[in-house]
Amino acid sequence: IENKISRQGTFAKRRNGLLKKAYELSLLCDAEVALIIFSGRGRLFEFSSSSCMYKTLERYRSSNYSSQEVKTPLDGEINYQDYLKLKTRVEFLQTTQRNILGEDLGPLSMKELEQLENQVEISLKHIRTRKNQMLLDHLFDLKSKEQELQDLNKDLRKKLQETNAENVLHVSWEEGGHSGASGNAIEPYQGFLQHPENDPSLQIGYHQQAYMDQLNNEDMAD
């Protein structure tokens, strides 16, 4: 309540009604009632059906402490029951595991053995299905890797062919260049290798030398 005057009036009215109800409860039902009220300003209002408020409060403390003592064993008992349930569950699972492995089958009846057999067959079916799926996945991965390697091999072969073609072209060009240079170098010396008889420009000198040799031979003969 926002209004201070209204709040104080409402408090006084409700306080009186609550004290009246506590008194009627203790009187009509023969109950021990204790009521403590503090106002907004800290003023105390109380009611006790017994002769002393402290006596009722002490009874409350004793009752509350006893309830806590009673609650602790109950909690411990509940925890122990949970422990027994979990222990029974673990023992059952361990026994089932040994039965699945083919151990401790003596106490089982025919029906229990049939149920165990069906369970094992279902488990084997799931295991085989999962195994086949893993094999198919592995095979698919191998196929993908094989295709990648084939594509890579094709690319490498293509590059190798292109490289060989470039090398052949380069070698052919170099050989053509050396052949042209050698031909030009030999041509100037062709004239020196020709016989004088084959060179018309040297025919005159050659006949004069022959004539002089003939004359010398005649002189020596005389």
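The values are calculated or read from the model by the stated rules, or taken from the named source; none is laboratory data. Small disclaimer: the values here were computed from a predicted structure and weren't measured. Here the Cβ is made from the backbone with ideal geometry for all residues, glycine too, and neighbour counts use every protein chain on show. Just so you know, the surface numbers come from the protein's heavy atoms only, side chains and all, with ligands and any DNA or RNA stripped out. Shrake-Rupley method; radii C 1.70, N 1.55, O 1.52, S 1.80 Å.
Among the conditions (1) modelled with pLDDT of 85 or more; (2) open to solvent by 80 Å² or more (accessible area, probe 1.4 Å), TYR60 misses just one, which is (1). On the given criteria, is LEU124 at pLDDT 60 or above, over 30 Å from THR96 (Cβ atoms) and surrounded by 10 or more Cβ atoms within 10 Å (Cβ to Cβ)? No, not satisfied. Between SER50, SER26, SER66, SER109, the distinction of being surrounded by 11 or more Cβ atoms within 10 Å (Cβ to Cβ) and at pLDDT below 85 belongs to SER50 only.
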